[in-house]
1. Given (1) part of a strand (DSSP E or B); (2) modelled with pLDDT under 70, where does residue 675 come up short, assuming only one miss?
2. For residue 199, all conditions in the list (1) in a strand (DSSP E or B); (2) open to solvent by 50 Å² or more (accessible area, probe 1.4 Å); (3) among the β-branched types (Val, Ile, Thr) hold save one; what is the number of the exception?
3. For the range 114-150, name all the residues that are assigned to a helix (DSSP H, G or I) and either under 30 Å from residue 227 (Cβ atoms) or without any contact (Cβ under 8 Å) to a residue 24 or more places away in the chain (or both).
4. Going by what's in this entry, would residue 320 be described as at pLDDT 90 or above and either among the hydroxyl-bearing types (Ser, Thr, Tyr) or more than 19 Å from residue 97 (Cα to Cα) (or both)?
5. Can you tell me which residue within the range 29-64, out of those that are among the small types (Gly, Ala, Ser) and touching a Ser or Thr at 6+ places or on another chain (Cβ under 7 Å), is farthest from residue 782 (Cα to Cα)?
6. Out of all the residues in the range 428-455, which are hydrophobic (A, V, I, L, M, F, W, C) and surrounded by 17 or more Cβ atoms within 10 Å (Cβ to Cβ)?
7. Give the residue that is farthest from residue 465 (Cα to Cα), with candidates limited to residues of the range 527-554 that are open to solvent by less than 80 Å² (accessible area, probe 1.4 Å) and modelled with pLDDT under 85.
8. Please state which one of 736, 712, 695 is modelled with pLDDT under 85, closer than 30 Å to residue 62 by Cα and either of a type in the set (Val, Ile, Thr) or touching a strand residue (DSSP E or B) at 6+ places or on another chain (Cβ under 8 Å) (or both).
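The values are calculated or read from the model by the stated rules, or taken from the named source; none is laboratory data. Just so we're clear, the structure is a prediction, and the values are computed from it rather than from any experiment. As a convention, Cβ positions derive from the backbone with ideal geometry for all residues, glycine included, and neighbour counts pool all protein chains shown. Protein only, heavy atoms only, side chains kept; ligands, DNA and RNA dropped before computing areas. Shrake-Rupley method; radii C 1.70, N 1.55, O 1.52, S 1.80 Å.
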Amino acid sequence: MQEDMRKHAKALELDKILKLLAEQTSCEDAVQAALALEPSPRDAERLLQETDDAFVLMARFGSPSFGGLANVTGSLRRAQAGGMLTMAELLKVAAVLRTIRGISEWRRKSGDVAGSLDDRFDALMPNQYLENRITGAILSEEEMADNASPALAEIRRKTRRASARAREVLDRMVHSQSYQKYLQDPIVTIREGRFVVPVKAECRNEVPGLVHDTSASGSTVFVEPMAAVEANNQVKVFLSAEKKEMERILAELSAEAGNFADTIVRGYETAVQLNVVFAKASLAYRMKAARPKLNDRGRIVLHQARHPLIDPKAVVPTDLSLGTRFDTLVITGPNTGGKTVALKTVGLLTLMAMCGLLIPAAEGSEISTFHQVLADIGDEQSIEQSLSTFSAHMKNIIEIMGRADADSLILLDELGAGTDPVEGAALAEAILEALRRKGAKIAATTHYAELKAYALQTDGVENASCEFDVATLRPTYRLLMGMPGRSNAFAISRRLGMDGEVVERAKELVSGENRRFEDVVQSLEDSRRQMETERDAARRAREESERARREAEEARNRVQTEADRELRRAREKAALLVDRTRARIDALLNEIEEIRKQKNKTLSAEQKARLNSGIRSLEDAADPVSSNENSGYRLPRPLKAGDAVLIFDIGKKGTVLRPPEGNSGEVLVQAGIVQTRVPLSNLRLAEKTEKPRRAAFRGVTKDVNRAQAAAATEIDLRGQTADEAVMNVDRFVSDAMLSGVDQFTVIHGKGTGVLRSAVQQYLKKSPYVKSFRLGTFGEGESGVTIVELK
C-alpha cells in the first residue's frame, strides 16, 4: 500500500482493526502478516470466501491449534547447507512439525466439507518420522535421551559405572578414621569434572593427590587423592566420548532436517497463512460479523451496520446506502450526533471487506470494491506547517480531487467548515459537483443548510440526518436516510430556559426562505414519525400473525407426530403378537408330532388338557382385545368433561370430552388420538391407584407405563461405575425398543474414558444397536455417544 493510501486507511482506523486481528494469531510471523494486510479489490471475493469457510469450520468443529508455530527457516537453511543444529533448534523444528500434523489431522477429522481452504490444507505435509526422531532423541534444550543411539546408551552406562568406582574409593576415604581428621567435611564433591574431597589447608601434605581448587577463604583445598585418579581418568574419557557421540547424533538429525527443509518451510508458511485466515474468522465471531455481498458497481447497502471499535453495548446499528439511486450522500445533524461515526463506518467496513474480513452488519448487506478509498476526517490543524483547520482540510481535499476517479469512494467530514459560512457552503457545493463529474461515490457531513437544499434539488444527491431528541436534548445516533437534518437551535434554547421573547425575535431575524425550508423539514419529520409508527404497528401485527401461524403448525405437527407414534406402537405390538403366537404354534406342533409318533398309545387326560389349553391360548392371542364382563358396576357420580375414565371392555384409558346428552347414553371420549362415543355402561371412573397393565414379551414381563415414560432421548451415566452404567444402558435400550425410540444419547463425560469404553464395548455386542458414534461440536463431543437402534 502506498504511503498516502495508508494515511487514508489510518484516518478510517483500519490499523486498529488489524491490531485486533493480530491479537487472534498464534505466532510472530502471523502477527506481522495480519498487521501488513492491505485492501485488495481484485482478491476480495476469494479472501472473503476463505474467511467464511473458516468461520463455518470453526462453528462446527472448533479452531485448529497453531500454538507451536515458530520461524525455523534460518535453522533449516543452515542444516540444509551442512551445519549442525543445537538441541533447542531441533526441538523447535519438532514443535513446528507437531503443529503441522495437528492442523492436518484436525482437517481430516472435520469431515468431507469442501471449501476454498482445502488447497492450503492439502499443501501441509506432516513428517511424523522426523518429529519422532527428534523428540525421541532430545528430552530438553540441554538433555539428550540415553536411547538416542545404542552407542550413547553404552557410553553412559560405562560412565556411571566408572563414576561409581571413583565415588566408592573416595567414600571409603572420607569414612576412614585415619583421614577424617584431615578433611574439612566428610563429603565427596566435583571440581573440573573430577571427584575430589575437601581437605584442610594445613593438612594438605597429609593427603597425597592433585589439588584442583581452593575455597574463597583459603582454608580448604579440593584434592583428588591418587587412589581415585585412575577412576576419574576413565570418567573423563567416557565423558569425552559421550560428547562426541552427542555431536554425531545432532549432526545426523540436522542432516535429516536439512533433507526435509523445503517441505517444512512450505508447510510452515502455509500454516501461518491458515493462522491468519482463522484469526479473521475468530475476529468475526467476536464482532458478530457476517459476510457481505460484493460488487464492483459502487453499490453499498448496509443493514444494522455497527462501527467495530465502539463498545457493542453502546453502539447504535445504522442502516445506510450509497450508489443505489444516488451517488452522493449529504449527512447533517447536531455535533456528537453520530455523523462522523456513520462516515467512518462506511469507509472502514469497505476496507475490511477488501481485506477479507467479515463486517459487523446484518445478513444481506452489500459492499462495493473500490480502487481507492479517500478520506478527509478529523481535525488536521498543523502548527508546524502554519496551517489552520480550514487550510489543512483544503490541502487534503485538493489532493483527493487530484486522485479521484470513477472507482473511488470519497468521505469528507465537515465539508467547507472553518471559514465564512456563505463562502464555505458555496465552496462545498462546488467541490461536490467537481467530484461527481469524475464519477466518484461520495459521502459528506455538513452543517450548511445550503447543502441540504442542494441535495433536495439535485438528482443523484440524497440527504440523510442524525436524529436528535429535543425532549431529552440528546442525539439518538440513528441515521435517517432521505431526511435533511433540522436546525434545533431555537427548540434547544427554549428547552434550556431562554426567554421566549428572545427566541421569537431570533425567529423573526431568520429569512422567510429559511423559515419555509425549516417548516418543510418539520413537516417531513412529522410524516416520517407517523409512517414509522404505522410501520411498527404493521410489523407487530405481522409478527403476531406469524406467531399464530407457527403455533398452529406446531400443533398440527404434534398431532401428526402423536398419530405416527401410536401407529408405530400398534405395529410393534402386532409384531410381538405374531412372534408370540408363532412360538406357541411351534410348541403345539411339536407336541402333536410327538403324539403322532405314539399313535399306538391313547392320549392321557393330562395331554388332552394341555392341548386344549394351548388351543385356547392361541385363540386369545389371535384376539388381544379381551372382553370383560359387566359386573353391575355403577358410577359413583355423574361424569363431567375432563374426567379420566377406563373403557372397560378394551382396557383403554381416556378423557371425557362431553358427558351424555338426553337419553342417548353415549359419552364422547378422547382415547389417545382418537375421539369415540362409548356407552355410559362401558365406562369406569379411573382410580389414581390403578395399577398399570403389563405386556408380555417371550416370557419377560415389562411395565408398559414405565417403558412409555422412559421414552426419553438421553441417559446420564456420570458418577456411576462401569458395571452400573452398562446395566442402566441395557435397561434403557430395552425401554427405547418398546417405546419406538430410534436414536438416543448416552452422556458419560470425558474424564478418564472408562465409562465411554465400557458403554461402547456393550454397544458393539448388542443385537439391537445399528450404529453408534461420538458426539460432534454442539452435541457434547467426546463426552457423549449417539446411539442408533435397528
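1. (2)
2. Unmet for residue 199, out of (1) in a strand (DSSP E or B); (2) open to solvent by 50 Å² or more (accessible area, probe 1.4 Å); (3) among the β-branched types (Val, Ile, Thr): (2).
3. Restricting attention to the range 114-150, the residues satisfying the condition of being assigned to a helix (DSSP H, G or I) are 118-123, 128-137, 146-148, 150.
Across the range 114-150, the qualifying residues are 118, 119, 122, 129, 132, 136, 146, 147, 150.
4. Details: at pLDDT 90 or above: yes; either among the hydroxyl-bearing types (Ser, Thr, Tyr) or more than 19 Å from residue 97 (Cα to Cα) (or both): yes.
In short, yes.
5. Residues of the range 29-64 that are among the small types (Gly, Ala, Ser), as a first pass: 30, 33-34, 36, 40, 44, 54, 59, 62-63.
Still in the running and touching a Ser or Thr at 6+ places or on another chain (Cβ under 7 Å): 34, 44, 63.
Details: 34: 34, 44: 38, 63: 16 Å.
Only one residue tops the list, namely 44.
6. Initial filter on the range 428-455 (hydrophobic (A, V, I, L, M, F, W, C)): 428, 430-432, 434-435, 440, 442-444, 449, 451, 453, 455.
Hits for the range 428-455 are 428, 431, 432, 435, 440, 442, 443, 444, 449, 451, 453, 455.
7. Looking only at the range 527-554, we keep the residues that are open to solvent by less than 80 Å² (accessible area, probe 1.4 Å), and these are 527-528, 532, 536-538, 541, 545-546, 548, 552-553.
Applying the additional criterion that residues be modelled with pLDDT under 85 yields 527-528, 532, 536-537.
On the way: 527: 15, 528: 13, 532: 16, 536: 21, 537: 24 Å.
Filtering the range 527-554 for residues that are open to solvent by less than 80 Å² (accessible area, probe 1.4 Å) and modelled with pLDDT under 85, the one farthest from residue 465 (Cα to Cα) comes out as 537.
8. Values: 736 fails: closer than 30 Å to residue 62 by Cα; 695 fails: closer than 30 Å to residue 62 by Cα.
Exactly one residue qualifies, and that residue is 712.
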